[in-house]
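The values are calculated or read from the model by the stated rules, or taken from the named source; none is laboratory data. Given the structure is predicted, the values throughout are model-derived calculations rather than measurements. Glycine gets a Cβ as well: all are built from the backbone with ideal geometry, and neighbour counts include every protein chain shown. These accessible areas exclude ligands, DNA and RNA; they are computed on the full protein's heavy atoms, side chains included. Shrake-Rupley method; radii C 1.70, N 1.55, O 1.52, S 1.80 Å.
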Amino acid sequence: MSEPPIYVTQPHLPPLEEFIPYLEQIWENKVLTNNGPFHQRLERALCDYLGVEYLSLFTNGTVALVTALQALRIGGEVITTPYSFAATSHSLLWNSIKPVFVDIDPDTCNLDARLIEQAITPQTTAIMPMHCYGNPCDVEHIQTIADTYGLKVIYDAAHAFGVKYKGESLLRHGDLSVLSFHATKVFNTFEGGAIISPDAKSKKRIDHLKNFGFVDQVTVVAPGINGKMSEVSAAMGLLQLDYIDSVLARRNEIELRYRAALADVEGLSMLEQPSDTKGNASYFPIFVDANYPLSRDALYQKLIDAGINGRRYFYPLLSDMPMYRGLPSAKPEALLAAHRVANAVICLPIYPSLNNEQVDRITELIVSL
Ligand SMILES: *Cc1c(COP(=O)(O)O)cnc(C)c1O
């Protein structure tokens, strides 16, 4: 009998019987959404867990990104990374903002802070970097540039749940940070997301914007969207928080096992783990270069043929997608590192229920040729 296929990720699901009492309470309360009791509890619990002061829950990370830009009244041009998920730059287009792509640092896969200044124009209003694979952007350098030029910084922190940088939550950097709680992420609420803001005033504006702009029953202050998280998702989040430490610990073990098995493979490289960061092992990317006996796509196919579904995160680049490729900043010549990385990467399966035998089967396929 052949083994069932292994996917790049599998959602973490707590035991069903533990979720039933939450559902019973929702049925009893008859409050399904609109800042209900589970929603309020999850906002407080996440602030405590993450070590942040103000957090607004959302129906998903994409609507949270769109709303974060509106909350700060961003327009004109925004400097961002070509090496991300579509939602990052799509959130700019949803706000009629022109994305300006700047190349990445191949050692981190994050927006290269050294290249930001030369992309600033009189129309630039903000920088939107992404903490790729949960590895911190160069937050100090980016903040210095933002302060010098009077720009806002919005972090797409969809990969960065629970990441600590220099002993503090990474989410405390920038004007706003945006999380995703999609099923495939480290922490999930089926679908969900959040904006982390630095003060009560920002949170209040964001909470109005995610509820059509309503301040009270008769006062509407902005053309807000419906971005509210339901009680079912909020309850799921509360239950997931009971498991998050063991989820992160198991992800970390898998990462260490991959690193040990793949450390000396000719033609393969991995990202370095920064010593000032407590990561979340949200992804495990490997990079295939010309010294490896197979091309990236041949290795990717070899794994698929063996029932192992890696993903080429991120390929293609955002700047090569039809809605962006006409932009002056999308020219491949200016994004050489991003192209090199996008053509080399495979993210290997990593999720808490992946067992050591499965990890070993994957690394043996990569090592033995
Ligand atoms: C998952 C993800 C998003 C979108 O989040 P959703 O909750 O799925 O809308 C945005 N940016 C990045 C980098 C992501 O990985």
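Quick check on the stretch 309-369: take the gyration tensor over C-alpha atoms, sort the square-rooted eigenvalues as a ≥ b ≥ c, and tell me if it's rounded (a/c under 1.5), prolate or oblate.
Prolate is the answer for the stretch 309-369, as a/c is 1.5 or above and a/b outweighs b/c.
Could you give the length gained on full extension between ALA263 and GLN358, defined as 0.36 nm per residue of separation minus the Cα-Cα distance, in nm?
Gain in length upon complete extension: 32.4 nm.
For a quick check, take a GNM of the chain with Cα springs below 10 Å and name the residue from ALA222, ALA342, ALA113 with the largest mean-square fluctuation.
Fluctuation is largest for ALA222.
Going 7 Å from the Cα of ASN34 in the Cα-to-Cβ direction, what parts of the stretch 195-217 have a backbone nitrogen less than 14 Å from that spot?
Within reach of a label on ASN34, which here means backbone N under 14 Å from a point 7 Å along Cα→Cβ, the stretch 195-217 contributes 211-217.
Relative contact order of the chain, please, whole-number percent, based on alpha carbon pairs below 8 angstrom and at least 6 residues apart.
Averaging sequence separation for qualifying contacts and normalising by length gives 23 percent for the chain.
Output the lone cysteines of the chain: those with no second cysteine's C-beta under 4.7 Å from their C-beta.
CYS47, CYS137, CYS347, each lacking another Cys Cβ under 4.7 Å.
Of the listed peptides 79-91, 313-325, 194-206, what is their order by residue-averaged count of other C-beta atoms within 10 Å, with the highest listed first? Please report the intermediate quantities before stating the final value.
On the way: 79-91: 24.5, 313-325: 17.7, 194-206: 20.1.
Most protected by this proxy first, the peptides run 79-91, 194-206, 313-325.
Taking θ = phi - 60°, what integer Hz values does the Karplus form 6.51 cos²θ - 1.76 cosθ + 1.60 yield along the stretch 335-351, in sequence order, with x for Gly and Pro?
Couplings: 10, 5, 5, 4, 5, 4, 5, 4, 8, 10, 7, 9, 8, 7, x, 8, 6 Hz.
Let me have the relative contact order for the stretch 1-100, percent, based on Cα pairs under 8 Å that are six or more residues apart.
18 percent
Can you classify the stretch 1-79 as rounded, prolate or oblate using the Cα gyration tensor, where a ≥ b ≥ c are the square roots of its eigenvalues, rounded means a/c under 1.5, and otherwise it's prolate if a/b beats b/c and oblate if not?
It comes out oblate by the Cα gyration axes.
Along the principal axes of its C-alpha atoms, what lengths does the stretch 244-367 span, in descending order and rounded to whole Å?
For the stretch 244-367, the Cα extents along the three principal axes come out at 46, 33, 25 Å.
Rank these by accessible area, largest first, 1.4 Å probe: PHE19, PHE212.
Final ranking, largest accessible area leading: PHE212, PHE19.
Of LYS185/LYS210; LYS166/LYS204; LYS152/LYS203; LYS164/LYS204; LYS98/LYS331, which pairs sit farther than 18 Å apart, going by alpha carbon to alpha carbon?
Beyond 18 Å: LYS185/LYS210; LYS166/LYS204; LYS164/LYS204.
Evaluated at 10 °C with a viscosity of 1.306 mPa s, what Stokes-Einstein diffusion coefficient in µm²/s does the chain have when Rh comes from the Kirkwood expression over alpha-carbon pairs? Can you show the working numbers first?
Values: Rh = 21.4 Å.
Here the translational diffusion coefficient equals 74 µm²/s.
With only Lys, Arg, Asp and Glu charged, each at its Cβ (+1 for the first two, -1 for the last two), find how big the charge dipole of the stretch 138-217 is about the Cα centre; round to the nearest 20 debye. Show your work: numbers first, answer last.
Details: 10 positive and 10 negative charges, 35 e Å.
About 160 debye.
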